[in-house]
Amino acid sequence: MKDAIKIAQQAKKQGKKIVTTNGCFDILHIGHARYLAEAKRLGDVLIVGVNGDRSPYFKAKPGRPIVPEKERAEMLDSLKSVDYVFIFNDETPNKWIGKIMPNFHVKACDKNYGIEQCVERFAVQKAGGKVVLIRKIEGKSTTKIVEQVLNAYAKG
């Protein structure tokens, strides 16, 4: 995370806009790729925080993560839209948002998710940024992929 803060500070000195987002990105799929590409279009540098294997996010999901944190981070780092990736194990990204101070923090959402549900909104606003919601692609999720794989192998 220290490197992400330095990268953001240097980019801001150059007048660049910083975009952040976060998530588990357990099994990378087209929904993730399109979401991250759209997030990148908001600014110059896209920094992604990945929920670590020990993060509270996964404690409520038995059997997850499927892909280890370092591999998930490496996969994200290979995408052309992503400039920097780091792993975090906090319950929320609020602490690092306050240090990176993004111009925009992006959240993937469905039709039932609004700005009010975004736990990061106050940290982003305090840092002088804006929260941007990007709609998830219907039917594209890690859960759906896992269900398809289980169904395919259950028949075989």
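Couple of notes before you dig in:
- Of the residues making up region 61-120, those that are among the hydrophobic types (A, V, I, L, M, F, W, C), at pLDDT 95 or above and in a loop (DSSP other than H, G, I, E, B) are V67, L79, V82, M101.
- Here region 123-156 is the region considered, the condition is being crowded, with 16+ Cβ neighbours inside 10 Å and of a type in the set (S, T, Y), and the residue that is modelled with the highest pLDDT is S141.
- Residue that is closer than 26 Å to Q10 by Cβ, buried (at least 17 other Cβ atoms within 10 Å of the Cβ) and out of contact with any strand residue (DSSP E or B) (no Cβ under 8 Å at 6 or more places or on another chain), where the choices are L79, L46: L79
- Single residue of region 49-70 satisfying the filter (touching a helix residue (DSSP H, G or I) at 6+ places or on another chain (Cβ under 8 Å) and of a type in the set (G, A, S)) that is surrounded by the most Cβ atoms within 10 Å (Cβ to Cβ): G49
- Residue selected from region 42-60 under the condition touching a Gly at 6+ places or on another chain (Cβ under 9 Å), outside any loop (DSSP other than H, G, I, E, B) and modelled with pLDDT of 90 or more, by the criterion nearest to K16 (Cα to Cα): V48
- Filter result (surrounded by fewer than 16 Cβ atoms within 10 Å (Cβ to Cβ) and under 11 Å from the mean Cα position of the chain (by Cα)) within region 18-43: none
- Going through (1) more than 19 Å from C24 (Cα to Cα); (2) touching a strand residue (DSSP E or B) at 6+ places or on another chain (Cβ under 9 Å); (3) acidic (D, E) one by one, E69 falls short only on (1).
The values are calculated or read from the model by the stated rules, or taken from the named source; none is laboratory data. Predicted, not measured: the structure shown is a model, and the values here were computed from it. Ideal geometry is used to build each Cβ from the backbone, glycine not excepted, and the neighbour counts take in all protein chains shown.
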